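The structure under discussion appears below in the form of structure tokens.
Laboratory data are not the source of any read-out in this text; all were calculated from the coordinates shown. Because the structure is predicted, anything quoted here is derived from the model rather than measured. Virtual Cβ from ideal backbone geometry, glycine too; neighbours counted across all protein chains shown.
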Amino acid sequence: MTEVEEEYSPNKMTAIVASAETGEILALSNRPSFNPNEYQSITNYTNYAVSDRFEPGSTMKIFTLAGAMQDKVYNGNETFQSGTYEVNGTTVGDHNQNRGWGEISYDEGLQRSSNVAFAKLAVDKLKPSRFYEYLDAFGFREKTGVDLPGESSSLIAESSALDAATTAFGQGTAVTPIQLVQATTAVANDGEMMKPYVIQKIYNSNSKEYTYEAEPEVVGNPISKETAEKVREKLKTVVSGEHGTGHAYDIEGIEVAGKTGTAQISKPDGPGYISGHNQNIFSFLGMAPADDPKIIVYVAVDRPNLEGHESGSAPVSKIFN
């Protein structure tokens, strides 16, 4: 992260590594950071991993996909017209200036990260009310209760079918990185969602005994083991598939399953999003090895200074890989 900070000078970054099976946080870091021994120079006290909420972008598609597969309304071979999709008189568009890729399958829509595919899954296939039930089941309405101070709550947009459509592909609704990691444990851990925790045990040096030892805690079962396995199979194609947006995360010798994200950033002084090259939060939410994940890694890099030929996956993959 320090190398990426020096090379790309992003506004900020956060990364979390968690045990897929227990929810234990194995590593967590932010930039800008500080040396606690030099407290006069501290400019940022915020732990973005738990205190920062933002629109997650396409990493949210993992959970829309999981809900659709659990309810058996996802048919990867079924085709749809990509590009644009009308919801309540508003046009939802794909990320390539609404051009889309013609008529493609939902599996290809996943690989290409089609917003239209996921809007249709939420609105037409699952229906908005059922889609929001899955957001509940994946823990996005509640704080995780991780044992760190300053955890933020989410902001779920749900006043219309349009809100369901945009939330399904990661816009309009804001969540925290730690919520994304907790939700991903359900996909990585065969349907069992694990509460994240940092403190493993506390030792009392006076009494020479452990006064606390963490116990892994299941906090939900949003999907079945079979669905979790199928979702991981689909997410492998994001990394290794012909049309996948995640080729930068294809690590030799390790099968990675995951989803890229490019989140727009709300204007601080009003409605709409800031625009321009690099003016996004680029992220990846992945797990490995894909068949039986041991770790989950989430990396988000906010507005890195990219060269004209570079994509947002350059700094993110440097950290993730």
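With a sphere of radius 15 Å drawn around the Cβ of Glu215, what net charge do the other residues whose Cβ falls strictly inside it have (Lys, Arg +1; Asp, Glu -1)?
Around Glu215, the charge tally is -4.
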Spatial separation of Cα centroids for region 242-278 and region 7-73, in angstrom: 14 Å
How many percent of DSSP beta bridges within the chain run antiparallel, rounded to 5? 95 percent
Expressed as an acute angle from 0 to 90° and rounded to the nearest 10, what is the orientation of the C-alpha long axis of helix 177-188 relative to the principal long axis of the chain? 70 degrees
P(r) over all Cα-Cα pairs of the chain, 10 Å bins from 0 to the longest distance, whole percent per bin, short to long, reads 6, 27, 37, 22, 6, 2, 0
What is the percent of Cα-Cα separations in region 148-239 that go past 14 Å? 76 percent
Can you tell me the order of 26-33, 313-320, 125-132 when each peptide is scored by its average per-residue count of other Cβ atoms within 10 angstrom, highest first? 313-320, 125-132, 26-33
What area, in nm² and to one decimal, does the C-alpha convex hull of region 234-292 cast on average over all directions? 5.3 nm²
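So if I average 1/r over every pair of distinct C-alpha atoms in region 191-321 and take the inverse, what Kirkwood radius in Å does that give?
17.5 Å
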Tell me what the chain gives for mean residue ellipticity at 222 nm when only DSSP H runs of n ≥ 4 count, each as -39,500 (n - 2.57), the sum divided by the residue total, rounded to 500 deg cm²/dmol. -7500 deg cm²/dmol
Once the dipole of region 125-182 is set up with Lys and Arg at +1 and Asp and Glu at -1 on Cβ about the Cα centre, which of Leu162, Val146, Gln182 lies farthest towards its positive end? Leu162
Please report the relative contact order for the chain, taking Cα pairs under 8 Å with a sequence separation of at least 6, and give it as a percent rounded to a whole number. 23 percent
Percentage relative contact order, region 94-209, counting C-alpha pairs under 8 Å, at least six apart: 22 percent
Mean Cβ count within 10 Å, highest first, over the residues of peptides 250-262, 169-181, 8-20: 169-181, 8-20, 250-262
For Cα pairs less than 8 Å apart in space and 6+ apart in sequence, what is the mean separation divided by the residue count of region 99-161, i.e. the relative contact order in percent? 20 percent
